[in-house]
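**Student:** Before I ask anything, let me first share the structure, which is written out below as C-alpha cells.
The values are calculated or read from the model by the stated rules, or taken from the named source; none is laboratory data. Bear in mind that the values here come from a model prediction, so they are computed numbers and not experimental data. Neighbour counts are summed over all protein chains in view; Cβ atoms, including those assigned to glycine, are modelled from backbone coordinates with ideal geometry.
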Amino acid sequence: MTEINLVATAALLHDIGKFGQRADIFKHKSSLYREKEYTYTHAAYSAQVFQELGFNLGDTLSDDASMHHNPQNDTQWIIASADRMASGFEREVFESYNSVDSEGFKQQRLWHMFDEKKQFKIDVLSPNAIFPESEKALLNEYNALWEKFVKDFEQIKKHGNSIVDFFTIDYLMKKFTSFIPSSTSFEKNGYKAVKANIPLYEHSKASSIFASALWKLHENKNTNIVNYYKKESANIEQNDLLMICGDFFGIQKFIFDSVPAAKASKILRAKSAYIQLLTKIVAFHVVETLGLSYQSIISTSAGKFEILGVNDEESQTKLMRIQEELNTFFVKNYFGETGIGLSVTPCSLADFIVPNQYKMHLRPRIDEAVEAVKFKKFDLLHVAPIMHYDDDIDNETLCPLCSKRKKHNDYCDECSTFVTLGEKLAKDTFLIISKNIGQMPIFGDFYVSFSYEPHVYENNDIAIFDIANDEIFRGYAKWELASYVKKEKEQVATFEDLANNSCGGKENNVGIKAIMSLKGDVDGMGNFIKTSSVTNSFARFNFFSRMVDYFFSVYASELMKEKNIYTVFAGGDDIFVLGAWDEVIDFAKALREKFMEFSGGSGLSLSMGLVLTKPNKPINFVAHMAEEGLEKAKGLEGKDAISMFGECVKWHSYLDEDNALYLMEEFERFNQDTYELNTAFLYRLLEFIHMSKEVKKGDIKSTMWKSKLSYSFARNILEKVGSNEAKLKDALSVLALTDQVLEKYPQELKMALSEYIYKRRD
C-alpha cells in the first residue's frame with residue numbers, strides 16, 4: 001500500500017478506541033497503554049485496539065493515529081488536523097467541545113437524521129436497522145456489537161497489508177460504526193454539548209478524506225491548514241482544496257435505447273451495473289492519477305462521484321487530460337451518446353468549519369459547477385473527436401442488441417460485455433477490480449473479473465468485492481451491485497416469465513398476464529438539501545446521502561425478495577423496476593410506506609409513475625411512459641403522488657382506508673358472500689367514473705351518473721339478491737358506499753377498480 005493510503009487508513013481508524021471503550025468486555029490495560037501521552041482515554045483505547053486486533057499499520061502509524069489529541073510530528077499533526085476538520089468546528093469550539101465530560105456514553109444512541117426525537121438502535125448496518133426507534137437503550141448495546149466486529153475482523157486475510165484489505169477495513173467500519181455516535185457529550189457545566197447525530201463511521205471517513213488531502217498538501221510543501229491547528233500563521237479562506245465531481249450523463253438513453261424487448265432482461269440490469277462499475281473505476285483512475293488515496297473518494301452512487309483533492313496547477317492540468325480520455329472513450333465506444341463530465345470547485349478550510357459555510361456556500365458552488373459541465377459535455381469546439389464506424393455492416397453482420405455495431409460471433413464487443421456482465425451478476429459471488437489483467441477490460445488499464453470464490457491477481461488487485469445479495473461476511477467488502485432480480489432455474493427471468501407469473505401464475509386462469517413498470521424518486525430533494533439540517537456539516541451530509549442511497553439500493557431489494565420483480569436501477573434517490581403487474585403495485589405501496597417511516601417527519605415524500613404494458617413492448621417505450629407517469633405525479637401540488645391506469649392522485653387519498661381500496665375490499669366480500677359481481681357491471685362503473693369527472697368540468701348531462709348507477713345496481717344485483725333481508729341490506733350499504741366514493745374520489749376509484757377488474761379477467 002502507498003504511504004498516502006496507509007495514512008488514510010490510520011486516520012480512518014483513529015477513533016476506533018471509542019468503539020472499544022464503550023464495550024464493557026474490552027478492558028483497558030492502563031499499564032501497557034500510557035493514557036497521559038494520548039490525553040484522552042479513547043485514544044489510549046485506540047492504541048490498544050491496534051495492537052490486540054493486529055492491524056498491520058506498523059507501530060509508527062498506529063501510534064500516529066492514537067496521538068491525534070497530542071500530536072508531536074508531521075503525520076500526527078496531519079491526522080489530528082483531519083480529525084478537527086471532520087468535527088466541523090472552528091479550532092476554539094473544538095477544544096472546548098472536547099473538554100466536556102461525558103456521561104452515560106455506553107447507553108447513548110445516535111439520534112435519527114430525520115427525526116431527532118427518535119434514535120437508531122446501536123447495531124450493524126442492515127436493512128431493518130435504518131428505521132428510527134422511540135425507546136432508549138437501557139443496557140450497554142456495544143458488547144454484542146464489539147464481539148461481532150472482532151469475529152468479522154479476524155476473517156480479513158492480512159489485516160490491512162494490502163489495498164484490497166483497505167476496502168474491507170473501510171467496509172467493516174461502515175458495517176459496525178454507522179449507528180454509533182461519534183460523540184456522546186451531554187450538556188454540563190454550562191456548556192451546551194453538540195447532539196449525538198454524527199455516526200462514528202462518518203466522522204472517521206471524513207477524517208480519512210481530509211487526512212489524504214492534507215498529506216498531499218504536505219508533499220506539496222503546503223502547510224497552511226495544519227498551521228491553523230498549530231496556532232501558527234494561516235489563512236482559512238485560502239482555496240487549498242478541490243472538490244472534484246463526476247457526473248454520468250445520458251444514463252436513461254444509455255440503458256434503454258436500442259434494446260430489443262426479447263433480449264431486455266439479459267442486459268438492462270447489466271447496463272445499469274456497468275454504469276456503477278464504470279463510475280467507481282473512473283473515480284479510482286482520478287485518485288491514482290492525482291496521487292491521492294482511495295479514501296479521497298467521498299462517494300460513488302447513481303452515476304455520480306465526489307472526490308476531495310488539492311487545488312494546484314498540476315491537479316487541474318491532469319483533470320483536463322482525464323476529461324479528454326473520457327471523451328475519447330465515450331465517443332469511440334458509445335458514439336458520444338453518453339459520457340462522464342468532470343467539474344471542479346476550489347474550496348477552503350473555512351468551507352468545512354465555519355458555521356453554515358458548507359451548506360450555504362460550498363454545496364451551491366458544487367451544484368453550479370456540475371450544472372455548467374452538463375452544458376459542455378464533449379466540448380466539441382475545442383476537441384475534434386473522430387467517430388469510427390464499422391465497415392461492411394448489413395442485416396447479417398449487424399449486432400442484434402444495439403443495431404449500431406458489427407457483431408463478432410453473437411454480438412458486438414460492447415454488447416457482449418453487457419451480456420457477460422448480466423450472466424456474472426446473476427450467479428457469481430465476487431467481483432475483482434484489477435490493473436492490466438482480468439476477464440473484462442473496462443476503462444484505461446482497469447479490468448473486472450467475477451468468480452464464485454475470491455480470485456487474487458497478485459500485485460494487480462485493487463479491490464475484491466462480495467456482491468452476493470445477502471448479509472453474510474466472507475472476508476471482503478460488500479458492494480450492493482447485484483440488485484434483486486427474479487430468477488427462473490438459476491437464470492434471470494425474462495419479461496415474458498414475469499408477466500406469466502402475474503395473478504398467481506400460469507396455473508391460475510384468472511387475471512391478466514402483463515408487466516408493470518415503476519419509476520419513482522424523492523420529491524423536493526434539492527430544496528431539502530438547501531434548507532434542512534442534513535447539510536449542516538460535511539460529515540452529516542455524507543451520512544444523509546449514504547443512507548438515502550442505502551434505502552433504495554439495499555432496503556428496496558429486501559422488499560422485492562421472493563417477488564416477480566426485475567430491478568433496472570435503484571440508488572441515489574430514485575428507482576426503476578418492472579415485473580408481474582400486481583406484485584409491482586403491492587411493492588409500490590410497501591416502498592412508499594417504508595420510505596415515509598424511514599424519512600420520519602422530514603417532509604420528504606416519494607412520487608411514482610406506474611405503467612401497465614405487455615411484456616413484448618419496446619423497453620425504451622416502457623421507460624418513456626413510466627417517466628411520463630412520474631412527471632405527472634410530481635406535477636401535482638405538493639407532489640407525494642402516484643400515477644397509474646391513466647390517473648394521478650395523492651398517495652394519502654389513494655391509500656385512505658375509507659376510500660377506493662376499501663370499497664374494493666367490500667366488493668370482494670360482497671362478491672363472495674352475497675352475489676357474484678358480473679364483469680359488465682364493473683365496466684359500467686368505469687363509465688360512471690368518467691361521467692363523475694366530467695361533472696366537475698361542468699358537463700350537466702353527466703350528472704345522470706347517479707341515476708344510472710342506481711339503475712345498474714338494481715338490474716345487476718338487487719333483482720338477483722331477492723327477498724333475503726340481510727343480503728338486501730348489505731347490498732344497499734355497498735351501493736351507498738359506491739355512490740359516495742364515486743362522487744368524491746373518482747380518480748382513486750378508477751385506479752382501484754382497474755386493478756380489481758384486471759385481477760378478475762379471464
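**Student:** Got at least one residue in the range 304-313 being modelled with pLDDT of 95 or more and in contact with a Pro (Cβ under 6 Å, 6 or more places away or on another chain)?
**Tutor:** Scanning the range 304-313 turns up at least one residue that is modelled with pLDDT of 95 or more and in contact with a Pro (Cβ under 6 Å, 6 or more places away or on another chain).
**Student:** Out of the residues in the range 255-278 meeting the condition of being surrounded by fewer than 21 Cβ atoms within 10 Å (Cβ to Cβ) and more than 15 Å from T417 (Cα to Cα), tell me which one is modelled with the lowest pLDDT.
**Tutor:** Applying the filter and picking the extreme gives S258.
Residue by residue, here is whether (1) exposed (fewer than 11 other Cβ atoms within 10 Å of the Cβ); (2) modelled with pLDDT under 85; (3) not assigned by TED's automatic domain parsing to the domain that holds D257 holds:
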| site | (1), (2), (3) |
| --- | --- |
| A372 | no, no, no |
| D379 | no, yes, no |
| H382 | yes, yes, no |
| Y389 | yes, yes, no |
| I393 | no, yes, no |
| K406 | no, no, no |
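**Student:** Can I ask one more? Considering only the range 134-143, I want to know if a residue exists there that is modelled with pLDDT under 85 and either closer than 26 Å to S553 by Cα or under 21 Å from the mean Cα position of the chain (by Cα) (or both). Before you say what the answer is, go through the steps one by one.
**Tutor:** Our first condition is that a residue be modelled with pLDDT under 85; within the range 134-143, this holds for 134-140.
Now drop any that are not either closer than 26 Å to S553 by Cα or under 21 Å from the mean Cα position of the chain (by Cα) (or both), which leaves 134.
Yes: one or more hits.
**Student:** Still on this structure, I have one more. Restricting to the range 453-473, what's the tally of residues that are of a type in the set (S, T, N, Q) and free of Cβ contacts under 8 Å to residues at least 24 places away in the same chain?
**Tutor:** Within the range 453-473, the subset of a type in the set (S, T, N, Q) is 459-460, 469.
Restricting the remaining residues to those that are free of Cβ contacts under 8 Å to residues at least 24 places away in the same chain gives 459.
Residues in the range 453-473 being of a type in the set (S, T, N, Q) and free of Cβ contacts under 8 Å to residues at least 24 places away in the same chain: 1 in total.
**Student:** Among the residues of the range 119-176, which ones are among the small types (G, A, S) and not in a helix (DSSP H, G or I)? Can you show your working first?
**Tutor:** Here is the first cut: in the range 119-176, the residues among the small types (G, A, S) are 126, 129, 134, 137, 144, 160, 162.
Those that are among the small types (G, A, S) and not in a helix (DSSP H, G or I): S126, S134, A137, G160, S162.
**Student:** Going by the conditions given, is I163 buried (at least 20 other Cβ atoms within 10 Å of the Cβ), touching a residue at least 24 places away in the same chain (Cβ under 8 Å) and in the same structural domain as R22 (by TED's automatic domain parsing)?
**Tutor:** Working: buried (at least 20 other Cβ atoms within 10 Å of the Cβ): no; touching a residue at least 24 places away in the same chain (Cβ under 8 Å): yes; in the same structural domain as R22 (by TED's automatic domain parsing): yes.
So I163 does not fit the description; no.
**Student:** Looking only at residues in the range 330-370 that are assigned to a loop (DSSP other than H, G, I, E, B) and at pLDDT 95 or above, which one is nearest to V286 (Cα to Cα)? Walk me through it before giving the result.
**Tutor:** Of the range 330-370, the ones assigned to a loop (DSSP other than H, G, I, E, B) are 335-338, 348-349, 354-356.
Retained after the next criterion (residues that are at pLDDT 95 or above): 348-349.
Working: S348: 21, L349: 22 Å.
By that ranking, first place goes to S348.
**Student:** Of everything in the range 462-475 that's closer than 19 Å to L421 by Cβ and not hydrophobic (A, V, I, L, M, F, W, C), which residue is surrounded by the most Cβ atoms within 10 Å (Cβ to Cβ)?
**Tutor:** So the residue we want is D466.
**Student:** For the list (1) surrounded by fewer than 18 Cβ atoms within 10 Å (Cβ to Cβ); (2) on the phi > 0 side of the Ramachandran plot, I need the number of the one condition that D640 fails.
**Tutor:** (1)
**Student:** Give T417, T494, T429, T397 a once-over and let me know the one that is among the β-branched types (V, I, T) and surrounded by fewer than 16 Cβ atoms within 10 Å (Cβ to Cβ).
**Tutor:** On the way: T417 fails: surrounded by fewer than 16 Cβ atoms within 10 Å (Cβ to Cβ); T494 fails: surrounded by fewer than 16 Cβ atoms within 10 Å (Cβ to Cβ); T429 fails: surrounded by fewer than 16 Cβ atoms within 10 Å (Cβ to Cβ).
Among T417, T494, T429, T397, only T397 is among the β-branched types (V, I, T) and surrounded by fewer than 16 Cβ atoms within 10 Å (Cβ to Cβ).
**Student:** Still on this structure, I have one more. Hey, among the residues in the range 651-674 that are closer than 23 Å to E637 by Cβ and in contact (Cβ under 8 Å) with a residue 24 or more places away in the chain, which one's nearest to the chain's Cα centre (by Cα)?
**Tutor:** So, considering only residues that are closer than 23 Å to E637 by Cβ and in contact (Cβ under 8 Å) with a residue 24 or more places away in the chain, the one nearest to the chain's Cα centre (by Cα) is W651.
**Student:** Taking G309 as the residue in question, decide whether it is assigned by TED's automatic domain parsing to the domain that holds K377, touching a residue at least 40 places away in the same chain (Cβ under 8 Å) and on the phi > 0 side of the Ramachandran plot. It would help to see each step written out before you state the result.
**Tutor:** Working: assigned by TED's automatic domain parsing to the domain that holds K377: yes; touching a residue at least 40 places away in the same chain (Cβ under 8 Å): yes; on the phi > 0 side of the Ramachandran plot: no.
The answer is no for G309.
**Student:** I would also like to ask the following. Just the residues that are free of Cβ contacts under 8 Å to residues at least 40 places away in the same chain, closer than 27 Å to S483 by Cβ and not hydroxyl-bearing (S, T, Y), please, taken from the range 406-422.
**Tutor:** D410, C412, D413
**Student:** Sticking with this structure for a sec: Would you please list the contacts, defined by Cβ atoms under 7 Å and residues six or more apart or on different chains, that run from a residue in the range 108-121 that is closer than 14 Å to F543 by Cα to a residue that is hydrophobic (A, V, I, L, M, F, W, C) and assigned to a loop (DSSP other than H, G, I, E, B)?
**Tutor:** L110/F179; L110/I180; L110/A196; W111/A196; F120/F179
**Student:** Identify, from the list S557, S533, S553, S602, the residue that is polar (S, T, N, Q), farther than 24 Å from E631 by Cβ, touching a Ser or Thr at 6+ places or on another chain (Cβ under 8 Å) and not assigned by TED's automatic domain parsing to the domain that holds W111.
**Tutor:** Numbers: S533 fails: touching a Ser or Thr at 6+ places or on another chain (Cβ under 8 Å); S553 fails: farther than 24 Å from E631 by Cβ; S602 fails: farther than 24 Å from E631 by Cβ.
That would be S557, the only listed residue that is polar (S, T, N, Q), farther than 24 Å from E631 by Cβ, touching a Ser or Thr at 6+ places or on another chain (Cβ under 8 Å) and not assigned by TED's automatic domain parsing to the domain that holds W111.
**Student:** Of all residues in the range 240-254 being under 30 Å from G571 (Cα atoms) and of a type in the set (D, E, K, R), which is surrounded by the fewest Cβ atoms within 10 Å (Cβ to Cβ)?
**Tutor:** Going residue by residue through the range 240-254, those that are under 30 Å from G571 (Cα atoms) are 241-254.
Adding the requirement that they be of a type in the set (D, E, K, R) leaves 247, 253.
Values: D247: 21, K253: 14.
Of everything passing the filter in the range 240-254, K253 is surrounded by the fewest Cβ atoms within 10 Å (Cβ to Cβ).
**Student:** Let me ask something else about it. Could you go through the range 663-675 and let me know if any residue there is among the aliphatic types (A, V, I, L, M) and in a helix (DSSP H, G or I). Step through it out loud before you land on a result.
**Tutor:** Start the filter on the range 663-675 by keeping residues that are among the aliphatic types (A, V, I, L, M), which leaves 663-664.
Pick out the ones that are also in a helix (DSSP H, G or I) and you get 663-664.
Yes, that holds for at least one residue.
**Student:** Within the range 102-114, how many residues turn out to be farther than 10 Å from N140 by Cα and either modelled with pLDDT under 80 or surrounded by fewer than 16 Cβ atoms within 10 Å (Cβ to Cβ) (or both)?
**Tutor:** 2
**Student:** Could you list, in sequence order, the residues of the range 426-439 that are under 21 Å from the mean Cα position of the chain (by Cα) and either modelled with pLDDT under 90 or of a type in the set (S, T, Y) (or both)?
**Tutor:** A426, T429
**Student:** Can you find even one residue in the range 249-261 that is touching a helix residue (DSSP H, G or I) at 6+ places or on another chain (Cβ under 7 Å), more than 30 Å from F544 (Cβ to Cβ), touching a residue at least 12 places away in the same chain (Cβ under 8 Å) and assigned to a helix (DSSP H, G or I)? Steps first, answer last, please.
**Tutor:** Step one: filter the range 249-261 for residues touching a helix residue (DSSP H, G or I) at 6+ places or on another chain (Cβ under 7 Å), giving 249, 251-252, 254-257, 259, 261.
Narrowing further to those that are more than 30 Å from F544 (Cβ to Cβ): 257, 259, 261.
Filter once more, keeping what is touching a residue at least 12 places away in the same chain (Cβ under 8 Å): 257, 259, 261.
Subset that is assigned to a helix (DSSP H, G or I): 261.
Yes, some residue in the range 249-261 is touching a helix residue (DSSP H, G or I) at 6+ places or on another chain (Cβ under 7 Å), more than 30 Å from F544 (Cβ to Cβ), touching a residue at least 12 places away in the same chain (Cβ under 8 Å) and assigned to a helix (DSSP H, G or I).
Per-residue answers, yes or no, for (1) out of contact with any Ser or Thr (no Cβ under 8 Å at 6 or more places or on another chain); (2) within 28 Å of D497 (Cα to Cα); (3) not assigned by TED's automatic domain parsing to the domain that holds D549:
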site: R592; (1), (2), (3): yes, yes, no
site: E597; (1), (2), (3): yes, no, no
site: A626; (1), (2), (3): no, yes, no
site: K634; (1), (2), (3): no, no, no
site: D640; (1), (2), (3): no, no, no
site: F667; (1), (2), (3): yes, no, yes
site: E687; (1), (2), (3): yes, no, yes
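Yes/no matrix, rows are residues, columns are (1) at negative phi; (2) without any contact (Cβ under 8 Å) to a residue 12 or more places away in the chain; (3) surrounded by fewer than 23 Cβ atoms within 10 Å (Cβ to Cβ):
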{"site": "K506", "(1), (2), (3)": "yes, yes, yes"}
{"site": "A514", "(1), (2), (3)": "yes, no, yes"}
{"site": "N527", "(1), (2), (3)": "yes, yes, yes"}
{"site": "D549", "(1), (2), (3)": "yes, no, yes"}
{"site": "F552", "(1), (2), (3)": "yes, no, no"}
{"site": "F569", "(1), (2), (3)": "yes, no, no"}
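**Student:** Consider E237 against the criteria (1) surrounded by fewer than 19 Cβ atoms within 10 Å (Cβ to Cβ); (2) in a helix (DSSP H, G or I): it satisfies all of them except one. Which criterion is unmet?
**Tutor:** Here E237 meets the rest and fails (2).
**Student:** Go through (1) over 22 Å from G571 (Cα atoms); (2) at pLDDT 90 or above; (3) touching a helix residue (DSSP H, G or I) at 6+ places or on another chain (Cβ under 9 Å); (4) part of a helix (DSSP H, G or I) one by one and return the number of the condition A623 breaks.
**Tutor:** So the condition that A623 fails would be (1).
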